[in-house]
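The values are calculated or read from the model by the stated rules, or taken from the named source; none is laboratory data. The structure displayed is predicted, hence computed values, not measured ones. Glycine also receives a Cβ, built like all others from the backbone with ideal geometry; neighbour counts cover every protein chain displayed. All accessible areas refer to the heavy atoms of the entire protein, side chains included, with ligands and DNA or RNA removed. Shrake-Rupley method; radii C 1.70, N 1.55, O 1.52, S 1.80 Å.
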Amino acid sequence: MKVVLAYSGGLDTSTILVLLREEYGAEVVTVTVDVGQEEELEGVEERAYELGASKHYLIDAKDEFARNYLFPAVKANALYEGKYPLGTALARPLIASKLAEVVLKEGADAVAHGCTGKGNDQVRFDITLRALLGDDVKIIAPVREYNLTRAKSMEILARHGYSVPSIHKKYSVDENLWSRSVEGGVLDDPMAEPPEEVFQWTKPPSEAPDEPLYLEIGFEEGVPKTLDGVDMDPVEIVKTLNSLVGSHGYGRIDYIESRVVGLKSREVYEAPAALTLIEAHKELERMVLTPGELRLKWMLDAMWSDLVYQGLWIDPLKSHIDKAIDSINKYVTGTVRVKVYKGGLSIVGRESPYSLYSEKLIDYDKGWYPDPKEAEGFIKLYSQHQLTALKTRRKNT
Ligand code: ARG
């Protein structure tokens, strides 16, 4: 049997690699997809070969991730439950598609991942893999199957004569270009404030510079294109914003999240670039869209985020929503001025060739304003349905 394993280099997937080889007798091809999880990538390939992988693939998918997953998420103002920018959820279908490519290339019989039975990631991986590979390629999820705990994993590695990591990880962390998520440990108490040690991308606001950071973000048809007037590619925009905005203490999220699998969990995230781009994009939409378009867009946005969170990236419903979101984003072109100061972000300016805001119309002295009589007549007609209903009902009760 030949198995393609999604390999991170961590304890769980290392144990799975050994289990698959030693206990299933499988040939294991490992795949690590680079979606920007910088520090976790070091030494992964060596570890894979040390544990007996027959071949290792390191696939750089950062550009594809930013271009085809993160920027569409900006267009959709994607915040699950109004809070979580979906970093992990967006990466899963991309990783699954890379796994599927390797499965087909290698002619493998099965694909394995290290997701637990309590999380959302198993849902996202399984759905995408089945959509791409059908039911002939088996999905193996040993952590879910055997309820692999840390202690069990260490025991399995030791039993087969492999070195066991000495550092005890206090938290479960998942990182990519879009967000860094931290779960577990003391965070499981929802009343406990996250200790400073859980944060790596953001400075505590008290240590942020005394000078505010001003940034101008340029959008074209809803897609971020420039920072302070300079053209940048998507990965560069995200990385630059993460480091600049994070150093000013903005980008932390702490909330109780509704998982797909029937539980609530306490999640802590850092996502400076994601939150900044989404706030700026939302504000530009407020300027260029009619009230009706804006309200429809907010509904579509919420549906888009739910689908992505729930692992339904491949749902045909999502492609209909994508088309509508793209169509509305045609006018979301312009520049947004953002100020970040001591952990807070505010939008302080915006301009667009499609702006529906008119200084001329809004100005009381110089601007055009209807004849007061026209306004009076409008208000009467505008509220006539309500007044008729109230009157009729008063009479009949
Ligand atoms: N709760 C988030 C999600 O379901 C992030 C999970 C990431 N995993 C982790 N071990 N921190 O998308």
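Descriptive notes on the structure:
- Subset of the range 206-247 [open to solvent by less than 50 Å² (accessible area, probe 1.4 Å) and touching an Asp or Glu at 6+ places or on another chain (Cβ under 9 Å)]: L215, I217, G218, G222, T226, L227, P234, V235, N242, G246
- Among the candidates A96, A100, A112, residue that is surrounded by 24 or more Cβ atoms within 10 Å (Cβ to Cβ) and either farther than 23 Å from Y146 by Cα or away from the ligand (no atom under 16 Å from the Cβ) (or both): A112
- Candidates R394, R337, filtered to the one that is open to solvent by 30 Å² or more (accessible area, probe 1.4 Å) and assigned to a helix (DSSP H, G or I): R394
- Taking the range 155-184 as the range and being in contact with a helix residue (DSSP H, G or I) (Cβ under 7 Å, 6 or more places away or on another chain) and either outside any loop (DSSP other than H, G, I, E, B) or within 14 Å of the ligand (Cβ to nearest atom) (or both) as the test, the residues that pass are I156, L157, K170, Y171, D174, E175, N176, W178, S179, S181, V182.
- Flag for V123 being over 22 Å from A26 (Cβ atoms) and either in a helix (DSSP H, G or I) or more than 27 Å from the chain's Cα centre (by Cα) (or both): yes
- Only one entry in E279, E267, E283 is more than 30 Å from F125 (Cβ to Cβ), within 15 Å of the chain's Cα centre (by Cα), modelled with pLDDT of 95 or more and not polar (S, T, N, Q), namely E279.
- Considering N68, N77, the condition of being away from the ligand (no atom under 16 Å from the Cβ) and buried (at least 17 other Cβ atoms within 10 Å of the Cβ) is satisfied by N77 alone.
- For the range 227-268, filtering for residues that are within 16 Å of the ligand (Cβ to nearest atom) and of a type in the set (G, A, S) leaves 4.
- Residue count for the range 118-151, restricted to those that are open to solvent by 90 Å² or more (accessible area, probe 1.4 Å) and more than 16 Å from the ligand (Cβ to nearest atom): 7
- Yes/no for E42 being touching a residue at least 40 places away in the same chain (Cβ under 8 Å) and open to solvent by 10 Å² or more (accessible area, probe 1.4 Å): no
- Screening the range 45-65 for residues that are free of Cβ contacts under 8 Å to residues at least 24 places away in the same chain and exposed (fewer than 14 other Cβ atoms within 10 Å of the Cβ) and picking the one that is nearest to R180 (Cα to Cα) gives E46.
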